[in-house]
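Everything below concerns the one structure shown next.
Derivation of every value follows stated rules applied to the coordinates shown; laboratory data play no part. Computed from a predicted model, the values in this text were never measured in an experiment. Cβ placement follows ideal geometry from the backbone for every residue including glycine, while neighbour counts extend to all protein chains displayed.
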Amino acid sequence: MRVSPQKARLVLDLIKGRRVEDALNTLTFTKKRVAEPIHKLLRSAVENANYLSQEKGMDVDVDNLFVLRAVANDGPRMKRIRPAPMGRAFRYQRRMAHIEIAIAERGQNGGATATVVGEETAPAKKAAAPHKRTKASTKPKTKGKAKSRAKDKKKFAGKGK
């Protein structure tokens with residue numbers, strides 16, 4: 001999305017942890033340009049949850065959904081040049097954001113249940129064999145030179161008076 005991640009985080013912080021209905025209302029009345037695309041993204045996540053409950057047979061109650069995670073990460077940067085005085089040119093960067101929203105169903109006790117929409121589970125990684133660490137020497141290589149330099153500094157410090 002062509003908005004800086006810092007500006008997107010301002011709006012995403014408003015909806016983290018809220019019920020989806022409250023988050024949609026907050027985004028509707030927020031006077032930031034980025035609020036409209038985030039509103040569209042949140043509606044899409046709710047529709048995905050609705051699709052899961054109807055078509056895939058998962059038990060998802062759309063009324064109990066809340067915003068589990070809302071993150072704006074750095075995307076690619078476009079490098080641009082702006083004219084400057086005396087024929088020079090200044091470089092600047094147009095930042096873009098990757099926005100991720102995950103919603104989950106809130107349980108009866110107030111905690112999130114296992115149903116998470118927008119969260120991809122990574123496959124389990126194979127356990128790699130532990131690497132043997134070699135012990136590196138902790139002694140500085142120029143120990144003698146450092147002591148002689150410290151002595152020279154003490155000699156010259158007293159002569160300046």
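Among the GluC sites (Glu not before Pro) within the range 3-102, which fall in a DSSP loop and have no more than 13 other Cβ atoms within 10 Å of their own Cβ?
Glu55
Please work out the FRET efficiency for the pair Asp63 and Arg33, using the Cβ-Cβ distance as r and a Förster radius of 45 Å; give the result to the nearest 0.05.
About 0.90, to the nearest 0.05.
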